[in-house]
Amino acid sequence: MSSDRFADILRGNIAAVFFYYAIPNVLGMVAISSSGVIDGVFVGNYVGHGALAAINLIMPVFSLLLGVAVMFSVGGMVRCGKYIGESNRRSADEVFSKTLIAVSVLTLLLSGFGILFLDHLVFLLGANAALAPLVREYLFLLLAFMFFLPASLCLSFFVRVDGQPVLAAAAIISAAAVNIAFDWLFVVSWGMGLRGAALATGLANIASFVVLLFHFFSKRSTLRFHWPRSGWNEMGKVAYNGLSEFANQLSAAIVILVFNWVMIGRFGVEGVAAFTIMHYLFFAEQIVVYGFSDALQPIVSTNFGARKADRISGFLALASVCVVTVGFGLVGMLLLIPEKLAGLFLDNGTGATLEITLAFIALSWPAFLWNGFNVLMSAYFTAIHKPLPSAVIALSRTLVLPILFLATLPVFFGDAGIFVTFSVAEFVTFLCVLYFFSLMTPRRVVQGSSPTAS
């Protein structure tokens, strides 16, 4: 493998290298965020708040399927990055090939089961009589096109570790543009409702997959795909290393499911619609944070393989400043213009939905002070091959603590206890992150590391 492409990662200016990876990645993630939010704006304004609630009800299925792909993709990428840092080309190619095969096969199997048991899924997701037809329509099309999203996601991670972050961003941006264009055509011009929104998303994922696939057939690619005949046990190590990413997605699926049950039981369809709006706002911030975190991982894993602790510290400090700035920026908007943010989705909504949304915003904004740093540190632990603390952080902030506080805080504080759940969960997780990092600073983990077994 040519070392020229990776020389800057190991020896170049820290800020220049970080932003070379981070800027295109964040722009790509912003494009995804904008696409997702605009999707909600189209649906909320042209289909109705019931359709908005239906989209949120299917999110647990989406998160579970995506979680499997992210677990293997991130675990494979950081392992591949360490091989690159060790100048082990053969092993880098092997882990790339195995990861792509594993993601593809598992996605097809899970999507097939989902379509086969579609009616059972709709019931399990908590859809009432009014929402069930909408959920079934959207979920069927989501599953039919599902292969292309995990596969393109997997390819994008390996494109970045292959030294082409701009191409990865271009693929994401092209998908977002396709999604928005077809949203306008299908939902607004042709009046296809949720079916149109689902088709637009599916076509966008196909576009991203095609753009990324071409890279690995070009001369720019140093990673080569081939069908491995042995060594599949390495996928266990890959999955273990990406465990925190799976925990993030699985936990999100469970928490969204439980929150939907609580909101629909306590406030009706308007409550689920309000939670959907909050989900879009969380998603918009988190996707930018993930942009910085994902950009950090191949850089850290490569320098970890080359045993460069000082460079890892520099990259981590710079990324921390970026994610904290993003969080404080969103907090400012939530405090200054909450009605305008909620109103983006509610031209056809109800006064009750707006009231619940504003109450949610008023008590959940502190979560954004901590969650960016929590996400970044979880990514850091994955990149240095410390999956256990990474998984503990992910499970704490996205599953254990939210469920614990959702079950206890409303007993003492009523509805306010529901809305403050995420803020308290993120702060407690932040304290855990500080403790883990004190034990696993870059210098300590590099001193205690050894070359990866081939």
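Values quoted throughout were computed directly from the atomic coordinates according to the rules given, and no laboratory measurement underlies them. Here the structure is a predicted model, which means the values were calculated and not measured.
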Please list, in order along region 111-121, the HN-Hα scalar couplings obtained from phi with the Karplus expression 6.51 cos²θ - 1.76 cosθ + 1.60 (θ = phi - 60°), rounded to whole Hz, x for Gly and Pro.
5, x, 5, x, 5, 5, 10, 4, 5, 5, 5
What translational diffusion coefficient, in µm²/s and rounded to a whole number, does the Stokes-Einstein relation yield for the chain at 25 °C and a viscosity of 0.890 mPa s, taking the hydrodynamic radius as the Kirkwood radius over Cα pairs?
111 µm²/s
Step through the residues of region 123-136 one at a time and calculate ³J(HN,Hα) from phi using the Karplus curve (6.51 cos²θ - 1.76 cosθ + 1.60, θ = phi - 60°), rounding each to whole Hz and writing x for Gly and Pro.
5, 5, 6, x, 5, 7, 4, 6, 9, 3, x, 5, 4, 5
List, in order, the whole-Hz ³J(HN,Hα) value for each residue of region 186-201 obtained from phi through the Karplus relation with A = 6.51, B = -1.76, C = 1.60 and θ = phi - 60°; use x for Gly and Pro.
6, 7, 8, 6, 9, x, 7, x, 4, 4, x, 5, 5, 5, 4, 5
Just how many pairs of Lys in the chain have C-alpha atoms closer than 25 Å, counting pairs that are eight or more places apart or on different chains?
11
